[in-house]
Amino acid sequence: MVFVLFNTLTQRKEEFTLPAGRDVLYYTCGPTVHDYAHIGNFRTFVVQDVLKRWLEAGGHRVKHIMNITDVDEKTIERAARKKIPLASLTEKYEKVFFEDLDCLNIKRAESYPRVSDNIDKIAEMVAGLYEKGHAIRDKAGSYYFDINTFPDFGRLSGKTPHRKIRALMQREDYRAPKNFLLWKRCESDHGIKCFESQLGRGLPGWHIECASLATSFLGPTIDIHSGGLDLTFPHHENEIAEAEAYTGRRFARFWVHVEHLDVFGRKMSKSLGNFFTLRQIIKRGYDPRAIRFLYLQTHYRSKIAFDFNKLDDAQRAVFILDEVVNSLAEVEKYGANDYTDEIAKFKSGFSESMDDDLGTDRAATLFIVFLRDVNRVLVDKQLSNTAVKNIGDTINWAIDVFGLLEGCESQQ
Ligand SMILES: [Zn+2]
């Protein structure tokens, strides 16, 4: 089967291929651990998990790295507001994040490098960019990427703000550039956590964290880089500029972006205050698998307009799944129907949907139809011994691809 995936970089579906025997090098932008992640954030993480699961179902080994942003302006500001050390804030929310991942049955990445543990690597990349003439150092000792030195800037997002910025820069003092930050010099330590590095005392910019961690842990060229749609610009655009200017190699072959989850007609976000955390959803009595199934019922490149009716529907689908799994385990009287054609038809339909740009929406519909059909024949006691076993195996295969094993109880 041919697996095609939409690549933001080329704006078209492309066949995903890999030299035999090599792992898929997979980087996903991780959370900023300053608060609870909301269910809009988790949509991206669940889709990324299913992408990994589908690659694994296709026989690939996936080497997955996700960064943990435990130092940036948001975390510093929040820790200062709460009057607590930065580390106690970030340790708490990092723990919460992993609990939520487990609750949603999201497979662990190979490694979750923290920014605070990798300051030297990040500083080294900034220093390298400066040496190669891609960075500017201001009077204070902060470093900025000079996007004039990277002609491909804007290729991913289709934006060309560098033209505007260049015009701006011609009018202004070049020593006070309007380019994006690589390293911010810390002049004082009044409640601000600054790191010692070869660049002096300072804090890394957000984009360089990912460019540095992705290339350090996976090498100069990775196969798939993924994140929420809003990261396309400027975050991913800047990552490409940094990584490619530094290594001289193409940074990522495939860019996979996940659409937003809207609520009340607007993107769910912390700043708008229109969000639900996973814990709030579970407290309302929902099975975490229901939220997972809700995500998968919409294609990842389409928006989800979240409402509780949709979540109720997803919860019902999960109940049907449990009912069928339980009924299969309790069959005592067998019939003559081997159900061979139905199983084959479901498996090929499901696979075709998934192979076409991770069509979880169509695959989810086929799964529900399959479960309902199985339920009906189970009631009529028509299934043979072999059929019961094969249906069980098939359902387990789909459960594994969708990650619908029970993650956590509704106890949080
Ligand atoms: Zn990133």
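Bear in mind these aren't lab numbers, they're just calculated from the coordinates by the rules spelled out. Since the model is a prediction, treat every value here as computed from it, not as a measurement. Counting neighbours? That spans all protein chains shown, and the Cβs are built from the backbone with ideal geometry, glycine included.
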Practice task
Write out the trypsin sites (Lys or Arg not before Pro) in the range 311-370 meeting two conditions: DSSP loop, and at most 15 other Cβ atoms within 10 Å of their Cβ.
Solution key: LYS333
Handout entry: Chain lengthening between ARG284 and LYS82 when straightened (0.36 nm per residue, less Cα-Cα)
Key = 69.9 nm
Completion exercise
1/(1 + (r/R0)^6) with r = Cβ-Cβ of ASP138 and ASN337, R0 = 56 Å, i.e. FRET efficiency to nearest 0.05, evaluates to 0.15
Practice task
Filter the GluC sites (Glu not before Pro) in the range 280-332 to those in DSSP coil with at most 11 other Cβ atoms within 10 Å of their Cβ, and list the result.
Solution key: GLU330, GLU332
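Using a Förster distance of 60 Å, how high is the FRET efficiency between SER384 and ASP312, based on the Cβ-Cβ distance and rounded to 0.05?
For R0 = 60 Å, the calculated efficiency reads 0.95.
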Completion exercise
Between LYS270 and ASN148, the two model label points (7 Å from Cα along the beta-carbon direction) sit apart by a distance in nm of 3.5
Exercise for the section: Restrict the search to the range 1-104; then list the trypsin sites (Lys or Arg not before Pro) that DSSP places in a loop and that have at most 13 other Cβ atoms within 10 Å of their Cβ. Expected result: ARG22, ARG61, LYS83
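Please return the longest range in the chain lying between exposed loop sites, taking chymotrypsin sites (Phe, Trp or Tyr not before Pro), DSSP loop only, at most 12 other beta-carbon atoms within 10 Å, and leaving the sites out.
My reading of the result: 1-173 is the longest stretch.
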Practice task
Mind jotting down the distance between the C-alpha centroids of the range 342-360 and the range 22-82, whole Å?
Solution key: 26
